[in-house]
Structure formats: C-alpha cells, structure tokens
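One structure is given below, encoded as structure tokens.
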Amino acid sequence: MLAGMVPSTTAVLISLATLAAASVESPWLSPKPPMGFNNWSRFQCALNESLFTQTADAMLSRGLLAAGYDRLNLDDCWALHSRAADGSLQWDPVKFPHGIPWLSDYLKQRGFKLGIYGDSGNKTCGGYPGSLGYEALDAKTFSDWGVDFLKLDACNMPSTTGAKYDESTYAPIFENWHNVLIALPTPLVFSESAPAYFSREANLSDWHRVMSWVPAYGELARHSADIVNFATTGGGGSAWESVMYNYGVNTMLARYQRAGFVNDPDFLIPDHPGLTMDEKRSQVALWASLGAPLIISAWIPGLSEDEMDLLTNTRIIAVDQDTLGLQATLVSQDGEWDVLTRSLSGGERLLTILNRGESMSSHQVDLERVGLSSADNCTYSVQELWGGGISQATGHVEVGHVPAHGTAMLKIASDDTTCMTTIPTGMVFNTPSGNCLTNNGLGLLTVSPCNAADGQVWQVHPDGSLNTLSHKTECLTNAGNQSLSLSTCEPGVAAQQWVSHVSGNLVSLISGECLTIGGAGAGRRNVPTLAVCLDEMNEQIFGLPSGVNIVS
Ligand code: GLA
C-alpha cells in the first residue's frame, strides 16, 4: 500500500511549461481529459440499456459523478446489422428497448452525458455497419439522439496502396469527420482511434504521421493496443503487461498533448482480477500523471470500497484534470524505476515514481532531476498524493515502501519563487528504439539503453541549449560536417541551440539538420549524428522533457 510511503528530504525545480505552438482548433470542446465509463473492456458486446442505467445509478450513488466521471459511452455492438430504409443507423431494440434518445435523457436527468461508438470504414471492428459514405447522416443521427461524444474506430478502411492500413486514406476521412462534427449545432467531442492501427508496425513513420494530424481534428486519440479485455480473456491475460505496454506507448507521445487534446492509453480496468490492488492504483496514478482520459471499464455497482477509493481520490484526479493539460515525461528509466515529472497549474511540480520491480523498495530522487533546485536554501513542501501527508524536503525526495508495481505521486511546492524556477529536465530518447541520448562521461555522445545515470538526464534551457546533469558545462553542439560534440557551454552560441518540433525532430538552429541515430559505417548504430531532416524517420524522432518549447 502506498499509504506507508513517506516522502523525506530535500530539493527543487519547476518549469514554466510552454505549450506546443500548434493549436487545437476547438480546445473549448474538451478542455480537460474526459472521465466516465465505457462497456468495452469489461463487457465487450454484452451491452444493453440496463447495464447503462444501473451503471449510471451506481456512478451517482457511489460518488463517481461527484468526482468528475460524467460520461457513459456505448462501445461497439449497440446497432442493428442493417441500416433503415432512409440509410440511418438503428439501435438494437432488444438491447435498448426504450431507445437511445431515452437513454440519453435518462443520463442527462442524472447529470451525465452519453457517448457512442462508430467506425470510419465499411464495418465496425465487430462487423456492424460502418460510416464510410454516411458521415453527415450518422453525425446528425447521433446528435439528434442526444449524444455528445463519438469514439470513431478505424477498422475496415479503404486502401489505395494495397497495404492493410493505408495512412493516406485515413487522413482525409478523419478530416471530413472533423468538419462534419464541428458543424453540428452542438459539436461532438471526437475520440479518434486512427493511430492505433499504425502503432505496431516495424516502421513507425505512418504512426507518427497519423499522430501529427489527430490533434487538429479531435480532442483525444487512442494511440495503440486495446487494454486487456476482461470479457474475452475471462479475467485472464497479462493485465499488468497490458497496462505497462499502453503506459509505455503514451510516454512516447508527450509532445502532442496540450489543453484540448489528450493521448488516450485506453480504459481504466479497476476490477480486472489479473491486477493486484497496487497495480490498479498504479494504473490510476500513471494515467493521472499522463493527464490521460479516465474512462472506467468495469462493473461499477460491484466495485469494492478500495477500488472506489482509488478512483475517487480528489488529489489524484486534480492532477489528471490540471488545466495546463500537460503530460508527465520521463526523467529516467532503468528497468526497475520510472521517474516522471511535469508542472501543475498552481506552480507546483509533480513527481511520479513507479516501481516496476518485484519487491517493495524505497527510492530517492534528487530535486534537480525534477527540474527544481537541490541547493540548501531551497526547502520544499512535498505532499504525498495518495494519503495527502505533507513533509519538508531539501536537496532530494525519498519515498519509502513503494510496493512492487506500485506508484508514488508527490506534489512539490515552495513559497520562494526562485526555488520554483523550473528547468525542463529528463530523458532525451529516440522513442522508436527506446534508447537514451547519453553523455558517456568520456566526452562522447551515444544513444544507449536507458539506465537513469546522470549522463542521461538532460536540462533543456530557454535558449535551446542542452546539457546533462553529469557534466553541466558540456553542451550538445553542432560541430559541423554532420557531427556532434560535447563542447563547453557558451550562452547564445547558435551551434548549441536546438529546436524541438512536434514531429519529434530535434533540429540544429545553425544548420537545420536533425539529430539522427546511426552514423555512417558498421557498428555506428548508436552513434548520434546530424543529417537532413526526413519525414518522420524513426532514427530522427526524440522525446524530450515536459516544458520544452515545441514548434510545429
Ligand atoms: C477495437 C477498439 C476497441 C473496441 C472494439 C470494438 O478493437 O480498439 O476499443 O472499440 O474495436 O469492436
């Protein structure tokens, strides 16, 4: 249990996070990550009216609505297999005897909103009618039914290339959906599943291309695999691996997230029997740290009190719903501990510590790693967010008794504004390979397996220069002739200034070239170099710390 964790000691850093320059067209539609319920992971196609009314009643009586969970979303299999004579979709009258408009009213009267599932292709993933060619009609139907949220899946899409998934057909179809939805009298919140279809390809270029347009068209995007499905596995399957997989993919995508658009790692599964209580708590903590949608797929009337407690912790939910809309990024990762951080709208700094190991243990994080100050004159107040306890820290923070697969969440603040001046700090990693840009201590740069060493924790300064905590006076430098060096930091030197793009490219200001892994010649796969920037090339895609200014 995390209640036993005691933050101790020292430390600092907050960054004035600068949001991505690209803008979401309608940030007012869903300014915060959506919260609610969806039937898919827990019940799959066994959805019906009474599941939704009983779930809504339980969400009301058990405090989930009060905690912010105000959506109930129908997933696949709500429709009949054929359209009506006028071409409209029809609900299954056996599953929904009073009809979907009635259900929408039932929910509205109790303070909830209804969402629905559709598919951009010829058929849904479950084989029900798809919306290809029926976009305007289906959008109007949903709107007339009182629905205000659409999860648009992307099975059975057309392909012009012969490839199973053809990115060039997805973009215009999703753009059209955006135009249709936004033109409705009450625009629908648009949840896009397009990226998920490209996330498992060996070459991730198409996946990143899809990620580059989803923020312009919708409010959230399912980026990867379905979270383990209770219904199909009967509660079996590797639930923790599934949670870790989807969390891990999310950490590759922080640069796309901003207030109004969130990366969606799929449902919370708090009653999955394959998860321990610590693992269930970790899923909520990680999703909240990522600022992800909190959409529960569980039998809510049957949740235990412990499960209810972990879903309704107001301090954890406040982090998820923070108005800055940022996603926490990795400070370090070594196989056993993941450390993440981001700024919060109250000026505080979030520190999240995941124990991926198999035994309870303690962990210490220097405050400089969180972007704050480790100096003796900066004393911070550290709130442990599960229990709410507050302690003081200078120099570093230590959490004790983090259980196997448990996650600690700490909120760090100081009244001294100079102590809260934050430097974006953390891993710079090639997201497709998962390898970290490293100052190896011998004056050489490598892109190596992440090990949490100081040589892999980068500070990114407002002028675009970068140095590691291990060698603060050595800056990443464009040394000419497509080569990089670690040279003495000199403020304002253009060869040491780097621009981070939403594409994932880290671009040298002086040459316009991209940081690239794999120099010429055998055995140089892990040697970073500079090369002409290509379109979403895997070797040129890097994740940077939260708070770095990102240009589109
Ligand atoms: C896909 C989606 C799931 C669910 C099913 C329905 O697998 O990723 O979330 O919507 O389709 O068929």
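What follows draws every value from the coordinates through simple rules; no lab data is involved. Owing to the predicted nature of the structure, the values given are computational and were not obtained by experimental measurement. Don't worry about glycine lacking a Cβ; one is built from the backbone with ideal geometry, like all the others, and counts go over all protein chains shown.
For Met360, Met157, Met59, the sequence from fewest to most other C-beta atoms within 10 Å is Met360, Met157, Met59. On a per residue basis, the convex hull of the C-alpha atoms belonging to the range 330-420 measures out at 84 Å³. Each part gets one Cα centre, and for the range 42-88 versus the range 434-505 those centres are 49 Å apart. Average projection, convex hull of the Cα set of the range 67-150: 5.7 square nanometres.
Only lysine pairs 8 or more places apart, or on different chains, with alpha-carbon atoms under 24 angstrom apart are counted in the chain, and they number 20. Considering only the Cα atoms of the range 425-543, their convex hull presents on average a projected area of 6.6 nm².
Here the sum of -39500 (n - 2.57) over DSSP H runs of 4 or more residues, divided by the residues of the chain, equals -6000 deg cm²/dmol at 222 nm, to the nearest 500. Across all C-alpha atoms in the range 116-233, the radius of gyration and Dmax reach 13.9, 42 Å. Starting from a Cα-only point model with no solvent, please compute log10 I(q)/I(0) by Debye for the range 96-139 at q = 0.18, 0.20, 0.32, 0.34 1/Å. Each listed q corresponds, in turn, to -0.67, -0.75, -1.00, -1.05.
Here, the range 394-477 is characterised by an Rg to Rh ratio of 1.02, where Rg is the alpha-carbon radius of gyration and Rh the Kirkwood radius. The Cα-based radius of gyration and maximum Cα-Cα distance (Dmax) for the chain are 23.6, 75 Å. With all pairs of different C-alpha atoms in the average, the Kirkwood value for the hydrodynamic radius of the range 218-343 is 14.9 Å. Have a look at Gly357, Asn179, Pro545 and report the one farthest towards the positive end of the charge dipole of the chain, computed about the Cα centre with Cβ charges (Lys/Arg +1, Asp/Glu -1). Toward the positive end, the furthest listed residue is Asn179. Projecting the Cα atoms of Ile269, Pro195, Leu326 onto the charge dipole of the chain, computed from C-beta unit charges around the Cα centre, puts Pro195 farthest toward the positive end. Pairs of Cα atoms nearer than 8 Å and 6+ residues apart set the relative contact order; for the chain it is 18 percent. The share of alpha-carbon pairs in the range 267-326 lying farther apart than 12 Å comes to 64%. The three principal axes of the C-alpha atoms in the range 31-321 carry coordinate ranges of 49, 46, 35 Å, sorted with the longest axis first. Excluding the site residues themselves, the longest part of the chain lacking any GluC sites (Glu not before Pro) in a DSSP loop with at most 16 other Cβ atoms within 10 Å is 359-552.
With an a/c value of 1.5 or above and a/b larger than b/c for the gyration tensor axes a ≥ b ≥ c computed over the alpha-carbon atoms, the range 203-281 is described as prolate. Evaluated with a Cβ-only charge set (Lys, Arg +1; Asp, Glu -1), the chain carries a dipole of roughly 220 debye about its Cα centre, given to the nearest 20. Spin-label model, Lys140/Thr160: points 7 Å from Cα along the beta carbon direction are separated by 2.8 nm.
Among Ile300, Ile316, rank each residue by its count of other Cβ atoms within 10 Å, from fewest to most, as a rough exposure measure.
Working: Ile300 26, Ile316 22.
Fewest-to-most Cβ neighbours within 10 Å comes out as Ile316, Ile300.
What is the Cα centroid distance between the range 296-358 and the range 378-407, reported in whole angstrom? Going from one Cα centre to the other spans 14 Å.
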